[in-house]
Amino acid sequence: MKATIVVILKLVVLIICLSLVLIGQKTVGKLELGLMLLGLAGLLGLLYDYNRKYV
C-alpha cells in the first residue's frame, strides 16, 4: 500500500515538473525562466531519488 502511494506521488510530481518546464518555455521572461528552473530542479530530484538505490 505504501509503495503504491509513493509511486503515485512521484508520478504527480513528474507531471507538475514537466508542466512547469513546458509552460515556462512558451514565453520569454524572468518569471518563466524561474518556472523552468523549478521544474528542472524537480526532475533532477526525481532522477536522484531513482538512482539513489543503485549507488
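Structural remarks
- Verdict on Ile5 being surrounded by 13 or more Cβ atoms within 10 Å (Cβ to Cβ) and either modelled with pLDDT under 95 or part of a helix (DSSP H, G or I) (or both): no
- Against the test of being open to solvent by 60 Å² or more (accessible area, probe 1.4 Å), in a helix (DSSP H, G or I) and in contact (Cβ under 8 Å) with a residue 24 or more places away in the chain, the options Leu44, Leu18 yield a single qualifying residue, Leu18.
- Restricting attention to the range 26-35, the residues that are part of a helix (DSSP H, G or I) and either open to solvent by 60 Å² or more (accessible area, probe 1.4 Å) or among the hydroxyl-bearing types (Ser, Thr, Tyr) (or both) total 4.
The values are calculated or read from the model by the stated rules, or taken from the named source; none is laboratory data. Please read these numbers as outputs of a predicted model, since none were measured by experiment. Counting neighbours? That spans all protein chains shown, and the Cβs are built from the backbone with ideal geometry, glycine included. What goes into the accessible areas is simple: the full protein's heavy atoms, side chains included, and nothing from ligands, DNA or RNA. Shrake-Rupley method; radii C 1.70, N 1.55, O 1.52, S 1.80 Å.
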